[in-house]
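The values are calculated or read from the model by the stated rules, or taken from the named source; none is laboratory data. In this text the structure is predicted, and so the values were computed from the model without any measurement. Ideal geometry is used to build each Cβ from the backbone, glycine not excepted, and the neighbour counts take in all protein chains shown. Remember, those area values only see protein heavy atoms, side chains included, never the ligands or the DNA or RNA. Shrake-Rupley method; radii C 1.70, N 1.55, O 1.52, S 1.80 Å.
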Amino acid sequence: RSGLGFRELIGFWGELFIFHDHFAKNCGFQNALKAWIGPENKKQDFTFDEVSFEIKTSIVGDNNNLKISSIEQLQKVTSNLYLIAFRINESFELSGLSITELVDKCVSLIGDNQALKSEFQHKISEKYGKANDAELERKFIDINMVTYEISEDFPQIVPDNLPHEKILKVNYTIDGNSLGK
């Protein structure tokens with residue numbers, strides 16, 4: 001296992017946490033798993049019928065910048081798109097959760113449905129399989145979550161507003177401190 005690296009680790013932790021604590025508990029595990037399309041390299045992390053969510057996880061103490069990694073990441077493919085800025089912190093106490101613990105919590109929601117368990121394990125396999133033992137056991141706690149609705153006036157670069165058709169790829173950063181909630 002080569003390891004994820006810190007940014008990929010906290011991104012994976014954030015998606016797992018939100019999957020478990022918000023979507024699986026409120027929408028049902030099977031619906032949440034179907035909606036979790038980020039691991040399939042789709043535009044957003046979660047898509048439920050006409051609502052999509054892009055999750056940006058960062059550590060408290062870092063700047064409040066939101067790093068957007070593609071032209072499509074904030075492109076609406078559903079009626080509503082929300083950007084969740086999720087702030088976490090490393091926990092050196094018993095209160096935090098590791099990726100291993102989050103995976104165990106998710107599996108406990110499945111029950112005896114082996115097909116659903118297999119589908120979940122397949123969904124997380126790329127990142128979980130790459131994470132080294134230290135990363136799997138590193139604990140974090142959730143601190144703060146701010147949700148932004150992606151509307152026409154939200155700062156974004158999407159295919160519809162590219163200044164030139166020959167631009168194929170962009171990465172950009174949005175100043176989170178300048179955004180309203």
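Of the residues making up segment 61-78, none is among the charged types (D, E, K, R), farther than 19 Å from SER91 by Cα, surrounded by fewer than 20 Cβ atoms within 10 Å (Cβ to Cβ) and at pLDDT 95 or above.
Might you check whether a residue that is farther than 30 Å from GLN156 by Cα and over 19 Å from the mean Cα position of the chain (by Cα) occurs anywhere in segment 73-92? Checking segment 73-92: at least one residue is farther than 30 Å from GLN156 by Cα and over 19 Å from the mean Cα position of the chain (by Cα).
Could you please find all residues in segment 167-181 being over 14 Å from ASN65 (Cα atoms) and open to solvent by less than 80 Å² (accessible area, probe 1.4 Å)?
Hits for segment 167-181 are ILE167, VAL170.
With respect to ASN132, determine if the residue is among the polar types (S, T, N, Q), more than 15 Å from the chain's Cα centre (by Cα) and more than 18 Å from LEU4 (Cα to Cα). No. Are any of the residues in segment 8-25 small (Gly, Ala, Ser) and surrounded by fewer than 17 Cβ atoms within 10 Å (Cβ to Cβ)? No, segment 8-25 has no match at all.
Considered as a group, the residues in segment 2-58 that are in contact (Cβ under 8 Å) with a residue 40 or more places away in the chain and in a loop (DSSP other than H, G, I, E, B) include one that is farthest from LEU136 (Cα to Cα), and that residue is SER2.
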